[in-house]
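The values are calculated or read from the model by the stated rules, or taken from the named source; none is laboratory data. Keep in mind the model is a prediction, meaning the values are calculated, not measured. Every residue, glycine among them, receives a Cβ derived from its backbone with ideal geometry; neighbour counts consider all protein chains shown.
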Amino acid sequence: MSSPGKRDWVNQLFRFGLVGVLNTLIDFSVFTLLIVLSVHYVVAQPVAYLAGTANSYYMNRAFTFSARSRGEKGSEPTAPIGDWARKLRFLLWNLVMLGASIGLMALATEAAGFHEMVSKVLVTGVIVVLNFVGSKLWVFAEAPAVSKEH
């Protein structure tokens with residue numbers, strides 16, 4: 001029998017995966033278009049990544065990590081922390097993930113000699129795992145309840 005906490009992680013991972021498929025389609029479409037237009041991967045990667053990221057924030061906030069997706073009644077997706085703080089964390093985390101993806105793309109393409117599209121697929125797999133963990137534990141983490149007892 002699985003614990004509620006473990007089920008929460010599994011359900012959120014599944015939802016994150018669904019949102020990620022859409023984000024990845026957006027990302028890969030933009031990346032492919034830019035590569036076909038002879039844009040260097042160092043420029044194509046951030047443009048494509050940011051296109052998927054815009055969708056990611058709203059879908060993950062509302063669908064993946066919201067209180068409603070965990071079965072909590074009457075909770076808004078942005079409660080109990082301010083939406084501005086979550087957006088800032090999301091921005092910071094995705095800048096870290098973007099930097100990691102560009103670095104890994106350069107490593108796979110330049111050092112390992114993979115084609116840009118092969119590098120993109122390999123790097124995307126690594127970034128998805130890192131992004132879920134960071135999103136779950138930091139970006140969309142619920143603030144602990146504040147006790148009124150002193």
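Residues being assigned to a loop (DSSP other than H, G, I, E, B), modelled with pLDDT of 90 or more and loosely packed, with under 13 Cβ neighbours inside 10 Å: count how many of those fall in segment 2-44. It would help to see each step written out before you state the result.
If we filter segment 2-44 for residues that are assigned to a loop (DSSP other than H, G, I, E, B), which is where we start, we get 2-3, 37-40.
Add one more test, that the residue is modelled with pLDDT of 90 or more, and what stays is 37-40.
Subsequent filtering for residues that are loosely packed, with under 13 Cβ neighbours inside 10 Å retains 37-38, 40.
The qualifying residues number 3.
Take the conditions β-branched (Val, Ile, Thr), modelled with pLDDT of 90 or more and farther than 18 Å from VAL128 by Cβ and apply them to VAL47. Does it pass? Lay out the reasoning, then the answer.
Details: β-branched (Val, Ile, Thr): yes; modelled with pLDDT of 90 or more: yes; farther than 18 Å from VAL128 by Cβ: yes.
For VAL47, the condition - β-branched (Val, Ile, Thr), modelled with pLDDT of 90 or more and farther than 18 Å from VAL128 by Cβ - is met.
Looking at ALA62, ALA54, ALA48, which one is touching a Phe, Trp or Tyr at 6+ places or on another chain (Cβ under 6 Å), in a helix (DSSP H, G or I) and of a type in the set (A, V, I, L, M)? Write out each step before concluding.
Values: ALA62 fails: touching a Phe, Trp or Tyr at 6+ places or on another chain (Cβ under 6 Å); ALA54 fails: touching a Phe, Trp or Tyr at 6+ places or on another chain (Cβ under 6 Å).
Result of the check over ALA62, ALA54, ALA48: ALA48.
Restricting segment 124-140 to residues that are small (Gly, Ala, Ser) and surrounded by 14 or more Cβ atoms within 10 Å (Cβ to Cβ), which is farthest from the chain's Cα centre (by Cα)?
Initial filter on segment 124-140 (small (Gly, Ala, Ser)): 125, 134-135.
Checking the rest, the ones that are also surrounded by 14 or more Cβ atoms within 10 Å (Cβ to Cβ) come to 134-135.
On the way: GLY134: 8, SER135: 6 Å.
Looking at the filtered set, the residue picked out is GLY134.
Can you find a residue in segment 120-139 that is over 30 Å from THR32 (Cβ atoms) and either modelled with pLDDT under 95 or in a loop (DSSP other than H, G, I, E, B) (or both)?
First, the residues of segment 120-139 that are over 30 Å from THR32 (Cβ atoms): 137-138.
Now drop any that are not either modelled with pLDDT under 95 or in a loop (DSSP other than H, G, I, E, B) (or both), which leaves 137-138.
For segment 120-139, residues over 30 Å from THR32 (Cβ atoms) and either modelled with pLDDT under 95 or in a loop (DSSP other than H, G, I, E, B) (or both): present.
Looking across segment 25-50 at every residue that is closer than 15 Å to MET105 by Cα and of a type in the set (Val, Ile, Thr), the one that is farthest from the chain's Cα centre (by Cα) is identified as VAL39. ARG89 falls short on exactly one of the conditions (1) loosely packed, with under 13 Cβ neighbours inside 10 Å; (2) modelled with pLDDT of 90 or more; (3) among the basic types (Lys, Arg), and that condition is (1).
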